[in-house]
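The values are calculated or read from the model by the stated rules, or taken from the named source; none is laboratory data. These figures come from a predicted structure and were not determined experimentally. In this analysis, Cβ positions are derived from the backbone assuming ideal geometry, glycine residues included, and neighbour counts consider all displayed protein chains. Note: areas computed on protein heavy atoms with side chains; ligands, DNA, RNA excluded. Shrake-Rupley method; radii C 1.70, N 1.55, O 1.52, S 1.80 Å.
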Amino acid sequence: MNLILNKRLLIPAIILLGAYNILPIGLLSYKNLDPLKLITILLLFIGLIQTKNLFEKDNKYVSFFICSIFLSVLNMFSRGKYLDWTFFYCLNYLNFFVLLKAFQKSYDINDYLNLLLVLSLLASLLHAIFFINPDLLTGVLTDIRMGSINYDTTKLRIFIPGMGFIAICFTYLICKIFYYKKLNYWEFALLGLFFLSIFIFSSVRTNLLGLFICILVFLMTGKLSFKSILIFTLTGAAMLSILALISTDLYQFIASRFDIFFKLGDFKLLDVLNLDIDYDNETTWGTIYFRILEVIYVLQNFTGDLKSILLGNIGILYDFLGVEQEPAPHVGIVGIYYLFGLVGLITFLIMFVKFSKILIQNVYKTKNTKFEFLSLSLVVIWFSLFAISLFGGVYYSELILLVTFVMAAAVFIKNKFANEGIEDQCSNA
């Protein structure tokens, strides 16, 4: 990983820094708004103003979805509701235009990925400090959202804002192993640290979905053999064996957390849809049942009028099964509908399908070129985020910055090959 100062990435770096929240700038906040957040909002709007072709080519799909967000916010104002923080998270969709301007050369994208790795390294180190000394999160650091403690299992779990970024960076490094069949020592160290962060310090099982998506994509594109999967699996088993020797308690905790993948036959979808499930006594599938029950609750109680159906309910918080002040359902697609209504859901789905198509086309266009690995990695990140969104609000959280990164990088690669095609035609003429 080469650390190169890239002036074009200065603004994107500031925006990312605010999302990771690894600096205690929140101590300078006024009414939950600190200087870095204000700077970030200003930079995002400057990026919007400087974009001249908002409703042309691929830009229009993002612009129409952003317009639906602002329509929903106007609807919120008409109801006399306060300005919910979800709106400020969704302003991160403007990052798409910031990155379009920043990505002028192919190495800009690689430098941005390196920036993600460096910030994830710092976040993981901070994560380790909080895990070793959780008392740090019993006061002001929790208040400014640098981290929180979760006691819903038998072991300590620490949550930090950068967890989702770390999980995607972990998946990206797995992509490099599958494609290049190697990593340098620095990247192996990062991989190990990221593993500790997402599977031990926080133990969020949905982060494993990125690994499954990675294997699936590389198998479908012929870049991964079953022999490689076997070697990878044996390596993982060896690591778990070493972990068992180091700490039996820690090994049993990790094994119990991922025991869910061996109990798929116990999942009762029809029962939970019929509200015939003992949620309180459920341990294995409790968090999944919670999300499904939450969807049913929201659809039953917040779609009673035309405005809610069309423009959503952003700004209306609700309490559900002991969780207070929820801004939106955990299931991403339903969350988009709840927040922004049918208008938002339709524009989002059009945007998602359009960029999915671009990403897949880029994989075929870049085959056997220097862009092949990047195209494959972007597809893995894109669909990993979608898979994770089924269990958490990816599309209305800090992770929007990763969504917009993939979209901007995909447009760059698409335009790069389109321009090269035009140049080839001119040279042949």
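For region 1-24, the tally of residues that are free of Cβ contacts under 8 Å to residues at least 60 places away in the same chain and out of contact with any Lys or Arg (no Cβ under 7 Å at 6 or more places or on another chain) stands at 5.
Every residue in region 213-228 that is assigned to a helix (DSSP H, G or I) and either exposed (fewer than 13 other Cβ atoms within 10 Å of the Cβ) or under 25 Å from the mean Cα position of the chain (by Cα) (or both), please.
Selection gives Ile213, Cys214, Ile215, Leu216, Val217, Phe218, Leu219, Met220, Phe226, Lys227.
The condition of being part of a helix (DSSP H, G or I), of a type in the set (Phe, Trp, Tyr), within 20 Å of Leu117 (Cα to Cα) and without any contact (Cβ under 8 Å) to a residue 12 or more places away in the chain does not hold for Phe195. Under the condition of being more than 24 Å from Phe383 (Cβ to Cβ) and out of contact with any strand residue (DSSP E or B) (no Cβ under 7 Å at 6 or more places or on another chain), the residues counted in region 198-226 number 1. Is it true that Leu27 is within 23 Å of Asp108 (Cβ to Cβ) and either surrounded by 14 or more Cβ atoms within 10 Å (Cβ to Cβ) or touching a residue at least 24 places away in the same chain (Cβ under 8 Å) (or both)? Here the answer is no, as Leu27 does not meet what is asked.
Inclusion of Phe178 among residues that are open to solvent by 10 Å² or more (accessible area, probe 1.4 Å), more than 15 Å from Arg157 (Cβ to Cβ) and assigned to a helix (DSSP H, G or I) is not warranted. Those helices (runs of 4 or more DSSP H) of region 47-141 in which at least 2 residues are exposed (fewer than 13 other Cβ atoms within 10 Å of the Cβ) and over 24 Å from the mean Cα position of the chain (by Cα), considering only elements entirely within it, cover 59-78.
Filtering region 142-151 down to residues that are touching a helix residue (DSSP H, G or I) at 6+ places or on another chain (Cβ under 6 Å) and not hydroxyl-bearing (Ser, Thr, Tyr), which residue is most open to solvent (accessible area, probe 1.4 Å)? Looking at residues that are touching a helix residue (DSSP H, G or I) at 6+ places or on another chain (Cβ under 6 Å) and not hydroxyl-bearing (Ser, Thr, Tyr), I get Ile149.
For region 306-315, enumerate the residues that are surrounded by fewer than 17 Cβ atoms within 10 Å (Cβ to Cβ) and either in contact (Cβ under 8 Å) with a residue 60 or more places away in the chain or farther than 17 Å from Arg79 by Cα (or both). Listed by number, the list holds a single entry, Lys307. Is it the case that Asp34 is modelled with pLDDT of 90 or more and acidic (Asp, Glu)? So Asp34 fails the test. Of all the listed residues (Ile388, Ile381), the sole one being β-branched (Val, Ile, Thr), under 23 Å from Ile166 (Cβ atoms) and open to solvent by 20 Å² or more (accessible area, probe 1.4 Å) is Ile388. Within region 152-175, being more than 24 Å from Pro24 (Cβ to Cβ) and open to solvent by 40 Å² or more (accessible area, probe 1.4 Å) holds for Asp152, Thr154, Lys155.
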